[in-house]
Amino acid sequence: MSELVLKNVGKRYGETVVLERLNLTLTAGDFCAVVGASGAGKSTFLKLLLSELQPSEGTITLGGRPLPPEPGPERGVVYQRYSVFPHLSVLDNVRFGLERTHGDPLFGRTWGARRRALRAEAEALVDAVGLSAARDRFPGALSGGMQQRLALAQTLALKPELLLLDEPFGALDPGNKKAAHDLLKTLWRDRGMTVVMVTHDLSEAFTLAKRVLVLDKTREDPHNPERYGASLTYDIPVDNGLPPREAAPRELSA
Amino acid sequence: MKKLLCLVTLLALAPLSSAEERPTFRLAWSIYVGWAPWDYAEHTGILAKWADRYGIAIELVQVNDYIESINQYTAGQFDAVTATNMDILTIAAASGVDSTALLVGDYSNGNDGIILRAGEPLSALAGARVHLVELSVSHYLLARALEGLGLEERDVEIVNMAEADLVAAWAGGTVPAVVTWNPMLMQLKDQADTALVFDSSALPGEILDLTVVKSDILEAHPELGKALTGAWYETLAQLQGPERADALAYMASVTGTDAESFARQLTTTHLFSTPAEALAFLESGQPRAIMQSVAEFSWSHGLYGPFAPDAGFVGIRFEDGSIWGDERNTQLRFSSDILRLAADDAL
Amino acid sequence: MRRLLNLQPSKPLRLALFLAPLGALLLAYLVFSDARLAENPQDRLLPAFSTMGDTLLRMATEPDRRSGELLFWLDTRVSLQRLALGVGLGALTALILGVASGLLPLAGASLSPFLAIIAMIPPLAILPILLIAFGVGELAKVLLIAIGVGPFIARDLEGRVRELPRELLIKAQTLGAGTWQTLWHVVLPQITPRLFDAIRLSLGAAWLFLIAAEAIASTEGLGYRIFLMRRYLAMDLILPYVAWMTLLAWLLDYGLRVLSRRLFPWYGAAGNKR
């Protein structure tokens, strides 16, 4: 597993500064949650880590190498919605990544023994997230919680170095959310991957993550609100099990 | 029910008749060199003058689709219409709309023709794909041309094509043969790669351009026939007189061409310029032979509908009172009563 | 008394309301047809139903005097074949162009405005150009239909591809798919049911272009027969043909709907979630 390092990263659109002066080091196996108000740049932050957007300044490295300029299998992502392919069955959704990365270069298909091996691997993952009974159903026929479990299995099939979660459980009801949290914790402990989760739900952040990062604006220009962007203002270590408020916040920048 | 319909019709016409005490008649015409004099007659007031003389009103309506004008006449929208002898026979008369050919205006004397690629003789028609408006006068012309060659219709392949598209299709280069009428024929003739191998001048008098009135209306209102006849021959007289240049220019403009090409189309149109000429044609007995040939063509091509037992299904009454075909189903009449008055200058 | 906008028809009333306008239309036809026929037994404008039935039966069961063919079935077969070829060709081209334009910004930069302009050209207005360029054979007819429906479908699909959640395209890339594999495994399967929808929507226009094409130059076909018979007002044949074409159009639409449901069982379910 590899280290994720952001050095002085900023993102601007013309005159509008969204993010500025981001500095962060995540060690392998870290689980950090990024919180912040709406419009604080949480999703821009995630898009930078996915390479869906390129930083306007600064550098991001993963495992000591610059982040690839396009999304790729070294980073997995689970969104709040549209994370799974509606036209593929549960099992085929999980097989998708395995087939593409092991298949022929043109169509990304495998044959014979390898195909059977990948299928067995995918079936094991489907079992691991508790969807064996729904293996041949389409996502449209699954509940929201089941869809997100499927999304996790689909993403984890490729064992990404970095797992990015974008409000993954935001649309779930409390019961499903709790179950999904438990599953995510188990998967994270078993696999020791690095996780960055963007959420607006503080309690979720403090329940799941080892570190909670806060995105906020540190400078305001009342005449030109777009002049300054958000930055990482707090980096709060969470001792799992303790209520969040008792953790001592450490200020990163003023 | 019939009474109800009459009532509805009366109510619909009421505003017209109350505004204008005298009876109003509607004549439909479509753009063609042989019928352009009607528009000129209205333009110059000749038509209104003759209508006034007989205490009636005549409304001239231009219908842009020729077949549609006959269809609407047949359906009852018009009292009179301009049409060829074949179309009035197969559309109106065969539908039981008893019609009288009031005016025999002209016959096509080269206005209809068969075009092949340059250098091809007429006999090259054998086996060719021939593009034409099926079941029209062009079709009849082709049948007559094939007859002359000793061929039959099954010896060629007939492709139906709207007249407006024929010129463009010919320009595409894949069409070996076209049968059409003016002004399309003239446009085709003017192109380099064409040979006019047959035209209607070989069939003098067979393709007649008529002005037709419903027989019952003509019987009830002979003044309509008289007014139309008077206006028509006064207009034709102007075409021969000092007004000729103006008249040609006007008719050219309403038919969408220039005076020179209109004059060219006129040379392939044999106009019966005076009542005497038309009368002579009617009395010659030629109409009987022509109509018989047209009726046989129409019947053999199914134009009389599925229930016509033979070519004589529609009875045709000629100037001398003789009838060809089924007397009980006489639906087309050639009459010279009013024409005689015109010839005697008694209108 | 409940408000009008809250009143729902009961089952029998719904049936009655469905039949009422059709019944009124038929009744009006009968009344006017009888009136015209009473006045002139040879009237062709509004023939009696028995006459139409006889004519249709004759066209469907008696070989034509000249060609020896059963004209009704010949016309139907030829027209459906032209329709299928034209719509098929148009849809296939539209699928390629629409997907390329919607998915690839480089292709879209050139195709998107081009399609927008092309879709505005009324194909019937450029008929002479088609005739000169492609002749008057089957090719021109099929192309007229294809050109008539293609740009519409292409623009629709372009929009549908752009509507695909961005998340799915990113997701496919994080799962190891490149451009071609994303196209093949994600975009095409999801756009195909929408292609079916677009084809169903464009079928009305396709019939229109078919009839127009058959009016240009033909030796057989449903539109050809109608135009030919119009020349002598044979409504006893035209009206049954029009009814038959309406039925065929409805059957095609229904068939496509059923086929789409069979082929893409996930489509409706996923659509409801959105």
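The values are calculated or read from the model by the stated rules, or taken from the named source; none is laboratory data. On a predicted model such as this, the values are computed, not experimentally measured, just so you know. Heads up, the Cβs are rebuilt from the backbone with ideal geometry, glycines too, and the neighbour counts pull from every protein chain shown.
Might you let me know whether the stretch C:176-197 holds any residue that is within 20 Å of the chain's Cα centre (by Cα) and either surrounded by fewer than 16 Cβ atoms within 10 Å (Cβ to Cβ) or away from chain A (no Cβ under 14 Å) (or both)?
Yes, the stretch C:176-197 has at least one match.
Rundown of residues vs (1) surrounded by 12 or more Cβ atoms within 10 Å (Cβ to Cβ); (2) over 29 Å from the mean Cα position of the chain (by Cα); (3) more than 14 Å from chain B (Cβ to nearest Cβ); (4) farther than 29 Å from C:LEU143 by Cα, yes/no style:
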site	(1), (2), (3), (4)
C:PRO9	no, yes, yes, yes
C:PRO21	no, no, yes, yes
C:ARG36	yes, yes, no, yes
C:LEU74	yes, no, yes, no
C:LEU80	yes, no, yes, no
C:LEU97	yes, no, yes, no
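Assuming C:ALA107 fulfils every condition listed in (1) part of a loop (DSSP other than H, G, I, E, B); (2) farther than 30 Å from B:VAL167 by Cα apart from one, which condition is it?
Only one criterion in (1) part of a loop (DSSP other than H, G, I, E, B); (2) farther than 30 Å from B:VAL167 by Cα is unmet by C:ALA107, namely (1).
Please tell me if B:ALA164 is in a helix (DSSP H, G or I), more than 18 Å from B:ASN111 (Cβ to Cβ) and within 11 Å of chain C (Cβ to nearest Cβ).
Criteria not met by B:ALA164.
Criterion first (surrounded by 14 or more Cβ atoms within 10 Å (Cβ to Cβ), free of Cβ contacts under 8 Å to residues at least 12 places away in the same chain, away from chain B (no Cβ under 14 Å) and assigned to a helix (DSSP H, G or I)) does C:ALA84 satisfy it?
Against the criterion (surrounded by 14 or more Cβ atoms within 10 Å (Cβ to Cβ), free of Cβ contacts under 8 Å to residues at least 12 places away in the same chain, away from chain B (no Cβ under 14 Å) and assigned to a helix (DSSP H, G or I)), C:ALA84 qualifies.
Go through the stretch B:1-98 and tell me which helices (runs of 4 or more DSSP H), entirely inside it, have 1 or more residues that are within 11 Å of chain C (Cβ to nearest Cβ) and at pLDDT 90 or above.
B:66-75
Tell me yes or no: at least one residue of the stretch A:134-143 is out of contact with any helix residue (DSSP H, G or I) (no Cβ under 8 Å at 6 or more places or on another chain) and of a type outside the set (Phe, Trp, Tyr).
No, the stretch A:134-143 contains no residue that is out of contact with any helix residue (DSSP H, G or I) (no Cβ under 8 Å at 6 or more places or on another chain) and of a type outside the set (Phe, Trp, Tyr).
What's the number of the condition B:ALA143 fails, among (1) touching a residue at least 40 places away in the same chain (Cβ under 8 Å); (2) away from chain C (no Cβ under 14 Å); (3) more than 29 Å from C:ALA125 (Cβ to Cβ)?
Against the list (1) touching a residue at least 40 places away in the same chain (Cβ under 8 Å); (2) away from chain C (no Cβ under 14 Å); (3) more than 29 Å from C:ALA125 (Cβ to Cβ), B:ALA143 comes up short only on (2).
Go through the residues of the stretch B:201-212 one by one and say whether even a single one is polar (S, T, N, Q) and part of a helix (DSSP H, G or I).
Yes, the conditions are met somewhere in the stretch B:201-212.
Would you point out which residue out of C:ARG160, C:ARG194 is in contact with a helix residue (DSSP H, G or I) (Cβ under 9 Å, 6 or more places away or on another chain), closer than 30 Å to A:GLY76 by Cβ and touching a residue at least 40 places away in the same chain (Cβ under 8 Å)?
Only one candidate qualifies: C:ARG160.
Would you check which residues across the stretch A:66-81 are closer than 20 Å to A:LEU183 by Cα and either more than 10 Å from chain C (Cβ to nearest Cβ) or surrounded by 20 or more Cβ atoms within 10 Å (Cβ to Cβ) (or both) and list them?
Residues satisfying the conditions are A:ARG75, A:GLY76, A:VAL77, A:VAL78, A:TYR79.
Return yes or no: is A:LEU152 touching a strand residue (DSSP E or B) at 6+ places or on another chain (Cβ under 9 Å) and free of Cβ contacts under 8 Å to residues at least 40 places away in the same chain?
No, not satisfied.
Considering only the stretch A:105-135, state which residues are assigned to a loop (DSSP other than H, G, I, E, B) and either at positive phi or within 11 Å of chain C (Cβ to nearest Cβ) (or both).
A:PRO105, A:LEU106, A:PHE107, A:GLY108, A:ARG109, A:GLY130 - these are the residues of the stretch A:105-135 that are assigned to a loop (DSSP other than H, G, I, E, B) and either at positive phi or within 11 Å of chain C (Cβ to nearest Cβ) (or both).
Can you say whether B:ASP326 is surrounded by fewer than 16 Cβ atoms within 10 Å (Cβ to Cβ) and of a type outside the set (Gly, Ala, Ser), as far as the supplied structure shows?
no
Output the number of the condition that C:GLY68 fails; it satisfies all remaining conditions of (1) surrounded by 12 or more Cβ atoms within 10 Å (Cβ to Cβ); (2) within 14 Å of chain B (Cβ to nearest Cβ); (3) of a type outside the set (S, T, N, Q).
(1)
State whether one or more residues within the stretch B:237-248 are assigned by TED's automatic domain parsing to the domain that holds B:ASN64 and within 18 Å of the chain's Cα centre (by Cα).
No.
Can you tell me which of C:GLU163, C:GLU167, C:GLU220, C:GLU138 is within 11 Å of chain A (Cβ to nearest Cβ), surrounded by fewer than 23 Cβ atoms within 10 Å (Cβ to Cβ) and among the acidic types (Asp, Glu)?
Only one candidate passes the filter, namely C:GLU167.
Residue check: is A:THR27 more than 25 Å from C:TRP180 (Cβ to Cβ) and not acidic (Asp, Glu)?
Considered against the rule, which asks whether it is more than 25 Å from C:TRP180 (Cβ to Cβ) and not acidic (Asp, Glu), A:THR27 comes out as yes.
If you check A:VAL34 against the conditions, is it surrounded by 15 or more Cβ atoms within 10 Å (Cβ to Cβ) and out of contact with any Phe, Trp or Tyr (no Cβ under 8 Å at 6 or more places or on another chain)?
The answer is no for A:VAL34.
Take the residues in the stretch A:40-65 that are modelled with pLDDT of 90 or more and assigned to a loop (DSSP other than H, G, I, E, B); name whichever of them is surrounded by the fewest Cβ atoms within 10 Å (Cβ to Cβ).
A:GLN54
Tell me which of these C:ALA116 doesn't satisfy, since it passes every other one: (1) touching a residue at least 24 places away in the same chain (Cβ under 8 Å); (2) more than 18 Å from C:VAL149 (Cβ to Cβ); (3) surrounded by fewer than 17 Cβ atoms within 10 Å (Cβ to Cβ); (4) touching a Lys or Arg at 6+ places or on another chain (Cβ under 9 Å).
Status for C:ALA116: all satisfied but (2).
Among B:GLY173, B:GLY150, B:GLY105, B:GLY110, which is farther than 30 Å from C:ILE126 by Cβ, out of contact with any His (no Cβ under 7 Å at 6 or more places or on another chain) and surrounded by fewer than 17 Cβ atoms within 10 Å (Cβ to Cβ)?
Of B:GLY173, B:GLY150, B:GLY105, B:GLY110, the one residue that is farther than 30 Å from C:ILE126 by Cβ, out of contact with any His (no Cβ under 7 Å at 6 or more places or on another chain) and surrounded by fewer than 17 Cβ atoms within 10 Å (Cβ to Cβ) is B:GLY150.
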